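The next block holds one structure in the form of structure tokens; read it before the comments.
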Amino acid sequence: MKKYYTNFLFRRFRVFILCCFFSSGVVYTAKTQPQLTFTPLIQNLNLPVNVKNAGDSSGRLFIVEQTGKIKIYKNGAVQPTPFIDLTSLVAVGEYKGLWSIAFAPDYKKSRQFFVYYHDKGNNTILARYQASKTNPDSAVLSSRVELLSLKDTVTNGPHLGEMHFGKDGYLYITINDGSYLGNTTKFAQDGQSLFGKMLRLNIKATVAPYYSIPPDNPFINDSTVRDEIWLLGFRNAWRWSFDRTTLNMWIADDGGEQWDEVSVRTRKQPVGANMGWPCYEGTQPFLTKGCKDSSTYTFPIFINPPDTTGAQAIIGGYVYRGKAYRPLKGYYVCADYVQNKAWKIITNGAGGWNIFEQINIPAGITSFGEGEDAELYATSSSGIVYKVGAVNPVAGSKN
């Protein structure tokens, strides 16, 4: 495998957390659940870590390479010229790189998109660019506008994040807290720091800092917490997604020593939740000095205790809402980075979850993504983008 990503922070974790979620989909028995398939679609990429669609009816896929380029897949082929090349700006290392892209809800008109990366000056950057008006497969480097530049005080720590626009038109972005082996920060509980948080930003501002605060953000009237913050108490929630049907938010957070976790935030739950890190890792007390009563924190809906399986780190995925693989509809799909395993999770109809493990999937899955048609894709550290599907469940199942 390649130099950077194979040495990534996932090497330090011993446990993978099973994911979980609510769904109105069909409940399958252990004998009748659909089997995931991973079919190579694109090969010979350079450390792909994110795959998104622009929502512009073009059918294109945009593949983010950790090393600084974003490439376009259309009409059955990767375009020879990158959509954008940020290699001159992006620092690349085991914890650093270009991590995510998000397209403005009005991208078809505004041509604006956002990138999240770690730069060569040891800063976490959120920047906006525009696609060319005359060539939609090319971005204009001179259109750059910087929204956030956060100086990282933990030089060797992980600097990862993920971005999605909500149906409300606001940009949601998670920012890692910088913790790594034997060096846990407390930024996640510091209301004046944006590290270890999920932010919610209105990106319609036309003057610096080129974003404003949505009027219903939860901490506007709290002087101890910055207005940008939507959720706090994360360690490394670098892979999360919205369920495009329920709009529930599925957040996978890599733990610090032994416990990983998955949380689900629904539209009916109170905003401004504190997810607990580093006071708690999963449901277990971790660094409790100066922490509040446990009732202050929101605990994950599912965790997995320490084990000896060698599993490394959770790669959060998506709830399948496509049409090509009907038996998979309503399942949340996620994977393990090191072990060649995936999990499919669906409600059991009684407030719990049916969780199905599947072995022999490709190793090194780094992210999942959706096409405009809600079909699923996965990137891997081996330079491949897979089309994720499913074979029909065995005879006798319901779908």
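Of all the residues in the stretch 132-144, those that are in a strand (DSSP E or B), in contact (Cβ under 8 Å) with a residue 40 or more places away in the chain and either among the hydroxyl-bearing types (Ser, Thr, Tyr) or buried (at least 18 other Cβ atoms within 10 Å of the Cβ) (or both) number 1.
One line per residue, one yes/no per condition, for (1) of a type in the set (Lys, Arg); (2) farther than 17 Å from Tyr170 by Cβ; (3) assigned to a loop (DSSP other than H, G, I, E, B):
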{"position": "Pro209", "(1), (2), (3)": "no, no, yes"}
{"position": "Pro215", "(1), (2), (3)": "no, no, yes"}
{"position": "Ile220", "(1), (2), (3)": "no, no, yes"}
{"position": "Val225", "(1), (2), (3)": "no, yes, yes"}
{"position": "Trp230", "(1), (2), (3)": "no, no, no"}
{"position": "Asn236", "(1), (2), (3)": "no, yes, yes"}
{"position": "Ser241", "(1), (2), (3)": "no, no, no"}
{"position": "Leu247", "(1), (2), (3)": "no, no, yes"}
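Within the stretch 100-122, the set of residues being in contact with a helix residue (DSSP H, G or I) (Cβ under 9 Å, 6 or more places away or on another chain) and either under 20 Å from Asn236 (Cα atoms) or not in a strand (DSSP E or B) (or both) comprises just one member, Ala104. Looking at Leu126, is it surrounded by fewer than 23 Cβ atoms within 10 Å (Cβ to Cβ), assigned to a strand (DSSP E or B) and not aromatic (Phe, Trp, Tyr)? Considered against the rule, which asks whether it is surrounded by fewer than 23 Cβ atoms within 10 Å (Cβ to Cβ), assigned to a strand (DSSP E or B) and not aromatic (Phe, Trp, Tyr), Leu126 comes out as no. The single residue among Tyr386, Tyr318, Tyr337 that is farther than 30 Å from Val271 by Cα, at pLDDT 95 or above and buried (at least 20 other Cβ atoms within 10 Å of the Cβ) turns out to be Tyr386.
All conditions but one from (1) more than 25 Å from Leu126 (Cβ to Cβ); (2) free of Cβ contacts under 8 Å to residues at least 24 places away in the same chain apply to Glu257; the one that does not is (2).
If only residues of the stretch 240-272 that are small (Gly, Ala, Ser) and in contact with a Lys or Arg (Cβ under 7 Å, 6 or more places away or on another chain) are counted, the one that is surrounded by the most Cβ atoms within 10 Å (Cβ to Cβ) is Gly255.
Every residue, every condition in (1) under 14 Å from Phe38 (Cβ atoms); (2) assigned to a loop (DSSP other than H, G, I, E, B); (3) in contact (Cβ under 8 Å) with a residue 12 or more places away in the chain, yes or no:
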| residue | (1), (2), (3) |
| --- | --- |
| Ala335 | yes, no, yes |
| Val338 | no, yes, yes |
| Ile346 | no, no, yes |
| Gly351 | no, yes, no |
| Ile355 | no, no, yes |
| Pro362 | yes, yes, yes |
| Ala374 | no, yes, yes |
| Tyr377 | yes, no, yes |
| Tyr386 | yes, no, yes |
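Taken over the stretch 75-106, the criterion of being among the hydroxyl-bearing types (Ser, Thr, Tyr), over 20 Å from the mean Cα position of the chain (by Cα) and surrounded by 19 or more Cβ atoms within 10 Å (Cβ to Cβ) is satisfied by no residue. When Gly191, Gly178 are checked against the criterion of being closer than 14 Å to Trp230 by Cβ and outside any strand (DSSP E or B), Gly191 stands alone in meeting it. Scan the stretch 64-99 for residues that are over 20 Å from Leu41 (Cβ atoms) and not in a loop (DSSP other than H, G, I, E, B) and the total you get is 7.
When the residues of the stretch 28-45 are filtered to those that are outside any strand (DSSP E or B) and either touching a Leu at 6+ places or on another chain (Cβ under 7 Å) or buried (at least 17 other Cβ atoms within 10 Å of the Cβ) (or both), the one that is modelled with the lowest pLDDT is Tyr28.
When you check Lys344 against the structure, is it of a type in the set (Lys, Arg), touching a Pro at 6+ places or on another chain (Cβ under 8 Å) and either crowded, with 17+ Cβ neighbours inside 10 Å or at pLDDT below 80 (or both), yes or no? Yes.
Each row is one residue, and each column tells you yes or no for (1) at pLDDT below 90; (2) within 18 Å of the chain's Cα centre (by Cα); (3) under 19 Å from Phe187 (Cβ atoms); (4) hydrophobic (A, V, I, L, M, F, W, C).
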{"residue": "Met249", "(1), (2), (3), (4)": "no, yes, no, yes"}
{"residue": "Arg265", "(1), (2), (3), (4)": "no, yes, no, no"}
{"residue": "Gly272", "(1), (2), (3), (4)": "no, no, yes, no"}
{"residue": "Cys279", "(1), (2), (3), (4)": "no, no, yes, yes"}
{"residue": "Leu287", "(1), (2), (3), (4)": "no, no, yes, yes"}
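The values are calculated or read from the model by the stated rules, or taken from the named source; none is laboratory data. Remember, it's a predicted structure, so these values are computed and weren't measured experimentally. Glycine also receives a Cβ, built like all others from the backbone with ideal geometry; neighbour counts cover every protein chain displayed.
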